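Please treat every number below as a calculation from the coordinates, not as lab data. The structure presented is a predicted model; accordingly, all values stated were derived computationally and were not measured. Virtual Cβ from ideal backbone geometry, glycine too; neighbours counted across all protein chains shown.
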Amino acid sequence: MAIVETRDVQKLFGDVRAVDGVNLATNEGEFLVLLGPSGCGKTTLLRMIAGLEQPSSGDIIIGGQVVTALPPRARKIAMVFQSYALYPHMTVGKNIAFPLKAQGTPREEQQKRVQRSASMLGIGHLLHRKPRELSGGERQRVALARALVREPAVFLLDEPLSNLDAKLRTSARDELQQFQRQVATTTIYVTHDQVEAMGLGHRIAVMDSGRVRQLGTPQEVYHDPADTFVATFLGSPPMNLIEKPEYSLGFRPENFLPREVYAKDGHLFALPCRVTRLEYLGSDRLVYGVTEGKLEGHRVISKLPSNISVFMQPGERHEFALPEKELKFFDPRTGLRAAPRAL
Amino acid sequence: MTTLERGAAPQAPAKSLGGLLDRPEWLGPLMIGPAVLFIALVVGIPFLLALYYSVSDISMGDRTMRFVGLKNFIAVAGTSNFQTSIVNTFVFAIVSQILVIVLGTALALALLRDFRGKWFVRFLLLLPWVAPISLGTIGWLWIFDSTYSVLNWTLEALGLITPHGWYMWLGIPYLAMGSVIAVHVWRILPLATVILLAGLSSIPHDIHDAARVDGAGYWRHLFQITVPLVRPIMLVAGLFGLVFAFTDMIVIFVLTRGGPYDTTQVLSTLAFFTGIQGGDLAEGAAIALFLFPMLLAVAIGFLRVARRAEVV
């Protein structure tokens, strides 16, 4: 177990700042997720932590030791790649044993540890197969077993679930979380999938354009976004944003409901809307509308759980409202979170 | 579907060439036809002719031809220069191929990295392949010349040999074999390197990253990851080169003509000297056909490897 820290890490590819001054520190045994859109620098940051990429400036510290100049093998890390990167010419057993062989572990010890990590991931019966004879889910487990077998101080995972189909991904997510809690090894996990990030991470670092926009628990980044990027990146559909010259106002679609749903005496902020379109999504209904009244002319979305059966039709005007405490204010120039104000 | 077929029916028996070319069952044979014809004419017929010659007593300047069975083969196999040639053929082909694969892999690995002046190295590397073979080999003839050898001159200038110790590169048995192998390697290397480079760059980058993270050092990475993954391609390059080395005679013909004392004589040059220059077409054909079973085996191996490479 170890703490991973990055200090002012920068990576330039020509003129492009792929990673632009990132300061992060994990906790002991933490599951930290790097979340962001493609091209935000999250994978580059992970590769610099792994030692596969050299930072242009700044330092990587693992377990209190500056490892910036060390090769990957000297960093006590293990990595799982998006493609799993299994060695196609080796059996599963040899794949898992490879890091041990490279370390010069005695053969008997190798076999014992391969068995242990294979059975922990439920792939003990596959040891003699070649990777091409395995399903996507099995390959992913082999990649995890290969990472686990060295008993590394840090796990680095680069979108390990993105090659699985939707159904398998849900169960793999669950297993991955159990696995991480069980081995209690510091884990850094890169993904662009916010559901994975929210479901797996102790904390999430939301990244954009090479910078960390916010670092916090899933609750913090979702309910208290630090800026408009985080606010609109997380959530499906994302936060409604009403941009005025003097302030930007954000609220989540699931809080923005027909007026009659709320009790009469709450501190509510009322916002009438003209409904433009309805989408039925099974468990939810999405109502697309344009605001009227004092904040006239902004497109907003309301997400109604299917158990709210208020009747609505496109073209009709409807009273919507949300609790005042759910209103988030942002500075319209910087996009950063601002203090609440009277409307 | 049925309505569609019925609708198309009036157009199907189109008399125009354009209509025929739209139909795959016509277009396919039409496209491959010239290649088949070409191979039949320049490979098939001469091969059958060679088979026929080898069991006859045909010679230049004689218009009769009688069937003599395996007499030519038996006669040829007994001669000492044939036996020498067989050994030389294997030495020449196998040693040059080993060198080509080892050097080609090293070069391809070097060219896989980015460095300044990479284009120039690539250009230099491809030069022997682009240059006409005979012309390039004549250049080597001068390099190896007993009186004017730049190689000897360079060695002397470096103080490695004395003015009286100049090597007769093409005049001393082992040196001559070494020289023809070296020139053959120089010639085949570009092709092998390009094939191996393609093989190496097809290995996903993640696999190399995984090996680095897993703690493999340079040699372990090379011999346990890179080489096994590129092995099918390496075999293709090797077998290709092997066929080339078994059948090609230009390098030896230009440099040594099989000499000194037949020490660089290989089956292809011997067949040429016996059949064409010696006028004994029947024995020449018999000598050339000795290679056939061997090349067939190599070709079968080649096809099997190619198929396996597809699966992986």
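A few notes on this one:
- Rounded to the nearest Hz, the phi-derived 3J(HN,Hα) couplings of the stretch A:251-265 under the Karplus curve 6.51 cos²θ - 1.76 cosθ + 1.60 (θ = phi - 60°) are 7, 6, x, 6, 8, 8, 10, x, 3, 5, 6, 7, 5, 5, 8, where x marks glycine and proline.
- The stretch A:163-227: Cα Rg divided by the 2.2 N^0.38 Å rule of thumb: 1.19
- Sorted on the mean count of surrounding Cβ atoms within 10 Å across their residues, most packed first, peptides B:256-267, A:110-121 read B:256-267, A:110-121.
- Packing around the peptides A:275-284, A:138-147, taken as the average count of other Cβ atoms within 10 Å per residue, puts them in this order, highest first: A:138-147, A:275-284.
- In order through the stretch A:89-101: 3J(HN,Hα) via Karplus (6.51 cos²θ - 1.76 cosθ + 1.60), integer Hz, x for Gly, Pro: 8, 10, 5, 4, x, 5, 4, 5, 6, 3, x, 6, 4
- Length released on extending from A:Glu319 to A:Val290, taking residue separation times 0.36 nm less the Cα-Cα span: 9.3 nm
- Helix A:107-120 and the longest principal axis of the Cα set of chain A meet at an angle near 20°.
- Sequence-distant residues sharing a close amide H with A:Asp208 (under 5 Å, placed H): A:Arg213
- In the elastic network of chain A, a GNM with C-alpha springs shorter than 10 Å, the most mobile of A:Val149, A:Val310, A:Val33 is A:Val310.
- P(r) of chain A over all Cα-Cα pairs, binned every 10 Å from zero, in whole percent: 5, 22, 26, 21, 14, 9, 3, 0
- Tail weight of P(r) past 21 Å, computed on alpha-carbon pairs of the stretch B:244-312, percent: 37
- DSSP bridge analysis restricted to the stretch A:4-223 gives an antiparallel fraction near 50%, rounded to the nearest 5.
- Counting Cβ atoms of other protein chains within 10 Å of each Cβ in A:71-81 and taking the mean gives 4.
- Over the stretch A:237-338, Cα pairs under 8 Å with separation of 6+ residues give a relative contact order of 36 percent.
- Computed label-point distance, nm, for sites A:Lys244 and A:Ala263 using a 7 Å Cα→Cβ extension: 2.8
- The radius of gyration of the Cα set in the stretch B:194-260, together with its Dmax, comes out at 17.9, 55 angstrom.
- B:Arg220-A:Glu254 pseudo-label distance in nm [points 7 Å out on the Cα-to-Cβ vector]: 4.7
- Label-reachable residues, the stretch B:207-249, where backbone N falls under 11 Å from a point 7 Å from A:Asn163's Cα toward its Cβ: B:207
- Kirkwood Rh and Cα Rg combined as Rg over Rh, evaluated for the protein assembly as shown: 1.15
- In this structure, A:Ser283 and B:Val87 have a Cβ-Cβ separation that, at R0 = 56 Å, corresponds to a calculated FRET efficiency of about 0.10.
- Radius of gyration (Cα atoms) of the stretch A:35-179, expressed as a multiple of 2.2 N^0.38 Å: 1.08.
- A Förster distance of 51 Å, applied to the separation of the beta-carbon atoms of A:Thr217 and B:Arg307, puts the FRET efficiency at 0.40.
- q = 0.10, 0.13, 0.16, 0.18 Å⁻¹, the stretch B:154-312: log10 I(q)/I(0) [Debye, one scatterer per Cα]: -0.58, -0.83, -0.99, -1.09
- Listed residues B:Phe115, B:Phe144, B:Phe273, most fluctuating in chain B (Gaussian network, C-alpha, under 10 Å): B:Phe115
- Integer Hz, Karplus 6.51/-1.76/1.60 couplings in order for the stretch B:240-257, x for Gly and Pro: 4, x, 5, 4, 4, 5, 5, 9, 7, 10, 4, 4, 5, 4, 6, 7, 10, 6
- Estimated from helical segments only, the mean residue ellipticity of chain A at 222 nm is -7500 deg cm²/dmol, where each DSSP H run of four or more residues counts as -39500 (n - 2.57).
- Across chain A, the relative contact order, built from alpha-carbon pairs under 8 Å that are at least six residues apart, equals 17 percent.
- Highest-first arrangement of A:85-96, B:70-81, where packing means the average Cβ count within 10 Å: A:85-96, B:70-81
- Taken residue by residue and averaged, Cβ atoms of other chains lying within 10 Å of the Cβ of A:82-91 number 5.
- Each listed q (0.16, 0.22 Å⁻¹) maps to a log10 I(q)/I(0) for the stretch B:92-207, found by the Debye formula over equal Cα scatterers with no solvent: -0.87, -1.21.
- Estimated FRET transfer efficiency (B:Trp153, B:Phe115; beta-carbon r; R0 30 Å; 0.05): 0.45
- Note on chain B: helix-only mean residue ellipticity at 222 nm, from DSSP H runs of 4+ residues weighted -39500 (n - 2.57) and normalised by residue number, equals -22000 deg cm²/dmol.
- Using only Cα coordinates, the Kirkwood hydrodynamic radius of the stretch A:229-289 works out to 13.4 Å.
- Under the criterion of Cα pairs below 8 Å and six or more residues apart, the relative contact order for chain B equals 26 percent.
- Amide H to amide H, with H built 1.01 Å from N, A:Leu34 comes under 5 Å of A:Tyr189, A:Val190, A:Thr191, A:Ala205, counting only residues 5 or more places away or on other chains.
- Across all directions, the average projected area of the convex hull around the alpha carbons of chain B is 27.3 nm².
- Among B:Gln97, B:Gln277, B:Gln224: highest mean-square fluctuation, GNM of chain B, C-alpha pairs under 10 Å: B:Gln224
- Estimated D of the stretch A:237-338 in µm² per second, where Rh is the Kirkwood radius over Cα pairs and Stokes-Einstein applies at 37 °C, 0.692 mPa s: 235
- Within 10 Å of the Cβ of each residue in A:45-58, the mean number of Cβ atoms contributed by other protein chains is 1.
- The modelled label-to-label distance for the pair B:Ser201/B:Leu37, using points 7 Å beyond Cα in the direction of Cβ, is 3.7 nm.
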